[in-house]
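Working notes, structure below.
Nothing in this text is a laboratory measurement; each read-out follows from the coordinates by a stated rule. Everything quoted here is computed from the prediction, not taken from an experiment. Here the Cβ positions follow ideal geometry from the backbone for every residue, glycine too, while neighbour counts run over all protein chains shown.
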Amino acid sequence: MSNSAPVLESELDLKLLHRGKVRDVYEVDSETLLMVASDRVSAFDVVLPQPIPFKGEVLTLVTAWWLEQLGGHLDHHLLAVDPDIIAERQPKLSASRDLWKRRSMLVRKTDPVLVECVVRGYITGSAWKEYELSGTLAGEPLATGLKESQQLDPPIFSPATKAQEGHDENITYDEVVELLGLELAQQLRDLSQRLYAYGRDVANHRNIILADTKFEFGFASTGELLLIDEVLTPDSSRFWPKETYATGRGQPSLDKQPIRDWLNELEGWDKNPPAPDLPQEVIEAASNRYQDVFQRLTGVPLESYKPPHFGAEG
């Protein structure tokens, strides 16, 4: 069963290492972390005051669902999402189980690669803004005459730096080579493009367009390169309904779009903290979007989805 009470901030009997815009990361032991996806939501890089019910569950469980589909074809950091396995691994969490269940991933610790691996199958967002101004992406020329939301064939590996504050910045593949070396840059590009192609094809069968997505990778203590963090979620990807797709304009994303739309129409907020309170109808609309994309992808309503069993090796 789904959690009923939204979680704005978790407080667990573990060492808190980091509280991000959405996730609270705790240390379980020297080799493992617990990543708790709250229901916090950000827009324009500002965390909003109200949580979005079920958002954290969707991010966690859709990541687990994708990794289950990929099976043994890809090394990743996820050890467990099943609450029983997590509680068995860390008994002191039993008392707070209702807070973290279905929104937490037990994962291997890694040393993150400080490049976000973005793959763009359609031109939209910051890529469209740059193209509209200069015909380029990260300073490199693209084909002339593209329209907003047009498909890019083949998809473009479009990495970005991981900014400590503010927006990430698009960089070129050559800059990734300079930062990380040719071998790792090629490995990241090839893995990201394979993952995007897989996600695009799965989504397509469910009448969803995967416009773009970002992946993150890290090195385990054993030296393995692992896929980390969230995977093909509505926070890390742009999912568009196929039935309303058309080039030459923006698309209605299956994510927190109702929040962005409401904020864009709001007068008097300069998109800096503090953020305004969200009206209940906007909160509900955003929550419904997250639950809808989960069911469209998995074929199962969120409340009846049973987390997959990964074991908890390591």
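For this structure, a couple of remarks:
- Cα gyration tensor shape of the stretch 84-134, rounded if a/c is under 1.5, else prolate or oblate by comparing a/b with b/c: prolate
- Our summary of shape: the Cα atoms of the stretch 1-95 have principal axis extents of 37, 31, 27 Å, ordered from largest down, in whole angstrom.
- Note on the chain: percent of Cα-Cα distances in each 10 Å bin, starting at 0 and stopping at the bin with the largest distance, equals 6, 26, 36, 25, 7, 0.
- Note on the stretch 259-306: Cα-only Rg and Dmax are 14.6, 44 Å.
- Amide proton proximity set for LEU79, modelled H, under 5 Å, gap of 5+: LEU106, VAL107, ARG108
- Average Cα contact separation per residue, the stretch 112-219, under 8 Å, 6 or more apart, as relative contact order %: 40
- Annotation for the stretch 18-65 versus the stretch 95-124: alpha-carbon center distance of 8 Å.
- Overall, the ratio between the Cα radius of gyration of the stretch 210-287 and 2.2 N^0.38 Å, rounded to two decimals, is 1.48.
- Evaluated at q = 0.10, 0.14, 0.16, 0.17 Å⁻¹: base-10 log I(q)/I(0), Debye formula over Cα of the stretch 112-219: -0.28, -0.56, -0.73, -0.82
- Computed from phi, the 3J(HN,Hα) profile of the stretch 217-226 under the Karplus parametrisation 6.51, -1.76, 1.60 (θ = phi - 60°) reads 10, x, 9, 6, 4, 7, x, 5, 8, 10 Hz, with x in place of Gly and Pro.
- Bridgeable lysines around LYS129 (alpha carbons under 17 Å apart, same-chain partners fewer than 8 residues away excluded): LYS147.
- Taking amide H as placed 1.01 Å from N in the peptide plane, the amide H of VAL118 sits under 5 Å from that of SER158, ALA160, PHE215, each at least 5 places away or on another chain.
- Sum of -39500 (n - 2.57) over DSSP H runs of 4+, divided by residues of the chain (222 nm, nearest 500): -9500 deg cm²/dmol
- Sorted by Cβ density within 10 Å, fewest first, the residues TYR198, TYR131, TYR26: TYR198, TYR131, TYR26
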